[in-house]
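Working notes, beginning with the structure itself.
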Amino acid sequence: MNMLRKWMRRAGLRVALLVAEFRPGLALRMAGLRPMAGGSGETTTGTLTDSLPTVIADARIVREYEGVYLRTCDVRNLDDGTGLNWNEISLGQLQAQDITETTRNENAQQLADTIFSVQPLMTQILVKITDRTYRRIASVVKGKIGQLAGNAMARKKDEDYLALFSTFNGAADPGAGNALANGYITAAARRITSNTTEPATSAIFTVLHGFQIYDIERQIVPGSSTLAHALTDQLGEEVWRQGLRGMIAGTMLFEDGNIVIDANDDATGAVHAKEAVVCVNGMGIKEEHRRDPSFGGGADEVFLTDEYGFAERSPGNWAYSQVSDALAPTS
């Protein structure tokens, strides 16, 4: 009996193969399937859309400004074991006087000190991604995740630096709604280097949004100028070809697109001495990892933590805001 059953199974397989070879439609019906109706005409990618794979060939990170604070600020570190604040003492000026051979000088000069303190505060970013996500996303995307988190931390630090601009002395800017001109930058620079209270001796920087810089470029090369007219002077030719770069009134110009343009199309840049803005780092960026097996079948958490603070040294003397129109250029 067992031998008979085996022979019948083998015979049935042979029959099925013969039916599939010579009567495919019948074979499909025997299997409980319906044959797919084909059409007439040429076959193109448009007719086989379900067969076309989707492959992520590459990935990129949205471009952003790295920030300029590392080049424009007086960067200091808060040492371990020194408390919450970074402290600096400034000693006031003393006065000398004329004397003669018979003068008995009883005019002692008293030392006066002022403390300047900066307390770094913490900032952090958390990126949490499930194991399933890691398994399914393209490898070219995986390689960008860490850089994205680092960029966010750097941008946050630059934005905190730029937020300080609104607290600077506003006595040398055109004001909201008005175009920025070279004269305002010159005025701010001279107020810094020849300040009657305390002159600055360090390098001076001008940090502006690109739309503010555009207004100065248009003063040097007006929109109605022809190339021939622009080439009649060296500065005009340079700005025509490369845009405004380098030095303005003895200050180094930096463009920072992280400067916020408000609802009225105004922006706040600044002219300040390097020593005017102190950046105190409480620690370097710290990276930590944590597993969360309870979420989504398992997930990795990555924390980036930084500690820093920005503050103005010698307020009102070495830093001047540049509030001006920052409407997007059109021509």
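The values are calculated or read from the model by the stated rules, or taken from the named source; none is laboratory data. Values in this document were obtained by computation on a predicted structure and should not be read as measured data. Ideal geometry is used to build each Cβ from the backbone, glycine not excepted, and the neighbour counts take in all protein chains shown.
For residues that are over 19 Å from PHE310 (Cα atoms), touching a residue at least 40 places away in the same chain (Cβ under 8 Å) and β-branched (Val, Ile, Thr), tally how many sit in the range 56-84.
Summing the residues that are over 19 Å from PHE310 (Cα atoms), touching a residue at least 40 places away in the same chain (Cβ under 8 Å) and β-branched (Val, Ile, Thr) in the range 56-84 gives 2.
Whether any residue in the range 234-247 is at pLDDT 95 or above and of a type outside the set (A, V, I, L, M) is what I want to check. So that I can check it myself, show each step before the final result.
Step one: list which residues in the range 234-247 are at pLDDT 95 or above, which gives none.
For the range 234-247, residues at pLDDT 95 or above and of a type outside the set (A, V, I, L, M): absent.
SER294 is checked against (1) part of a loop (DSSP other than H, G, I, E, B); (2) crowded, with 17+ Cβ neighbours inside 10 Å; (3) polar (S, T, N, Q) and fails just one. What number does that condition carry?
(2)
Quick check: anything in the range 105-122 closer than 29 Å to GLY297 by Cα and either of a type outside the set (D, E, K, R) or touching a His at 6+ places or on another chain (Cβ under 7 Å) (or both)? Walk me through it before giving the result.
Pass one, the range 105-122, residues closer than 29 Å to GLY297 by Cα: none.
Checking the range 105-122: not a single residue is closer than 29 Å to GLY297 by Cα and either of a type outside the set (D, E, K, R) or touching a His at 6+ places or on another chain (Cβ under 7 Å) (or both).
From the list TYR134, TYR161, pick out the single residue that is modelled with pLDDT under 90 and not hydrophobic (A, V, I, L, M, F, W, C). Give the derivation first.
Details: TYR161 fails: modelled with pLDDT under 90.
Only one candidate passes the filter, namely TYR134.
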